[in-house]
Amino acid sequence: MSESLRETALLRDGDDPLAKLREKFALDDATVYLDGNSLGALPAHVPDRMADVITREWGQLRIRSWDESGWWTAPERIGDRIAPLVGAAAGRIVVGDSTSVNVFKAVVAATRLSADDRDEILVDATTFPTDGYIAESAARMTGRRIVAVDPAAMAEAAGPRTAAALVNHVDYRTGRLHDLPGITAALHAAGALAVWDLCHSAGALPVGLDEHSVDLAVGCTYKYLNGGPGSPAYLYVAERHQAAFDSPLPGWNSHADPFGMTPGYAAAEGALRGRVGTPDILSMLALESALDVWDGVGIEDVRAKSLALTDFFLECVREYVPAGRVESLTPEAHGERGSQVALRCADAPAVMAELIRRGVVGDLRRPDVLRFGFTPLYVGFADAERAARILAEVLAEAGSDLDG
Ligand SMILES: *Cc1c(COP(=O)(O)O)cnc(C)c1O
């Protein structure tokens, strides 16, 4: 039985046009890395690039690098590299700060783009917590109130009082993919703005920001984009909003004439209005280098492999794991699935600790969810089969009371 799934896995890895990308990452064969949705793996060429940045650009050129090494323009330049991965034209994305900070900029800017009598901000009731905390503060500052709404009910909840809605494209816990085109259109029909958080979708599936007329979006780069721990996030501003985009953090980096050092603020043109202060160049250039692995890679192919991988992993889990020991929270329908599998499991903390000890690195969402991220650039079908097989072994050894 298990032989056949192993053979299937090898055949599918053999047919996989993306399989050779794995060599571009610093990964060892002893580990199945299924946590790329928390921290993407290191692309193998990045250390050499960073050594050059540090020893030559910083160590030798020093201040000259702001200009000669292109440091000053890195936020826009790297934004343009991310743009095709999320379906945006050049000039609409700027990189910098954390996702949390960009949520703040986007939510406040969205309220400033809407009429004063629109006094409600809808927030995804299942959001990653930081988005909710920050939206709540933004609402207090702008005289709005927060309404928590399940993404499935967002379209119905939007009305004449809605200024904007902040929605996670993929639920970080369950891996559920929300209907970005449909929710965005419904918000627009109600006269409201759509602000999307792409943390768990960018680099895993097509987003289509321009195509679906998203207003504002944010996302992090250390998950599926492999930018490195704490690598800077990004902010998307639709072209039609750029002239009126009014940042709540108008630092000197987004000034029309930053080196004029004038006392009054005048916003620069375009998405770079989202810049604040001096960018964290080392992290930013590590991200820029990491993005090289996407050269020639189509996000549609990544999506096809992601769905095939999560389907196959679920098939292996069904085959290997005794019925009732885990419950999948991951939607079966492809249209509702991100790039991770979430399994509810009794004693999940102990099970995940043991999985990690045996080289299957996923993560835990307390209290009882095992989360396995499938990053199609470097995870293969044999990895999926091995992870499911080891999960079944761990559960078998853990005794029969785990589902109690
Ligand atoms: C990972 C993640 C974040 C992280 O925000 P930081 O500011 O980088 O800590 C925010 N929102 C969502 C939806 C996430 O998945």
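Each reported figure results from applying straightforward, stated rules to the coordinates on display, with no laboratory input. Since this is a predicted model, take the numbers as computed values, not measurements. No Cβ is skipped: glycine too gets one built from the backbone with ideal geometry, and neighbour counts run over all protein chains shown.
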Q: Place a +1 charge on the Cβ of each Lys and Arg in the stretch 27-74 and a -1 charge on the Cβ of each Asp and Glu, then give the dipole magnitude about the Cα centre in debye, rounded to the nearest 20.
A: 280
Q. Angle, helix 2-15 long axis vs. longest principal axis of the chain, Cα atoms, 0 to 90°, nearest 10?
A. 40
Q: Please report 200, 334 as a ranked list, fewest other C-beta atoms within 10 angstrom at the top and most at the bottom.
A: 334, 200
Q.
Quick check: from the Cα gyration tensor, does the stretch 194-255 come out rounded (a/c under 1.5), prolate or oblate?
A. oblate
Q: Let me have the relative contact order for the stretch 19-107, percent, based on Cα pairs under 8 Å that are six or more residues apart.
A: 16
Q. For the chain, what does -39500 (n - 2.57) per DSSP helix run (n ≥ 4), summed and divided by total residues, give at 222 nm, in deg cm²/dmol to the nearest 500?
A. -10500 deg cm²/dmol
Q. Could you give the angle, 0 to 90 degrees to the nearest 10, between helix 348-357's Cα long axis and the longest principal axis of the Cα atoms of the chain?
A. 80
Q.
As an exercise, identify the chymotrypsin sites (Phe, Trp or Tyr not before Pro) in the stretch 192-267 lying in DSSP coil whose Cβ has no more than 15 other Cβ atoms within 10 Å.
A. 265
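Let me spell out the model: positive unit charges on the Cβ of Lys and Arg, negative unit charges on the Cβ of Asp and Glu, origin at the Cα centre of the chain. What dipole size does that give, in debye rounded to 20?
Numbers: 38 positive and 58 negative charges, 166 e Å.
It works out to roughly 800 debye.
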Q: When a/c is below 1.5 the answer is rounded, else prolate if a/b is larger than b/c, else oblate, so apply that to the stretch 1-72 with a ≥ b ≥ c taken from the square roots of the Cα gyration tensor eigenvalues.
A: prolate
Q) Which of 268, 376, 30 sits farthest toward the positive end of the charge dipole of the chain, with +1 on the Cβ of Lys and Arg and -1 on the Cβ of Asp and Glu? A) 268
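For the chain, what class follows from the C-alpha gyration tensor (a ≥ b ≥ c being the square roots of its eigenvalues): rounded when a/c is under 1.5, otherwise prolate if a/b is larger than b/c, else oblate?
oblate
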Q.
I'd like to know which of 391, 139, 308 lies farthest towards the positive end of the charge dipole of the chain, counting +1 on Cβ of Lys and Arg and -1 on Cβ of Asp and Glu.
A. 139
Q) Hey, what angle do you get for helix 381-397 against the long axis of the chain, alpha-carbon based, 0 to 90 degrees rounded to 10? A) 60
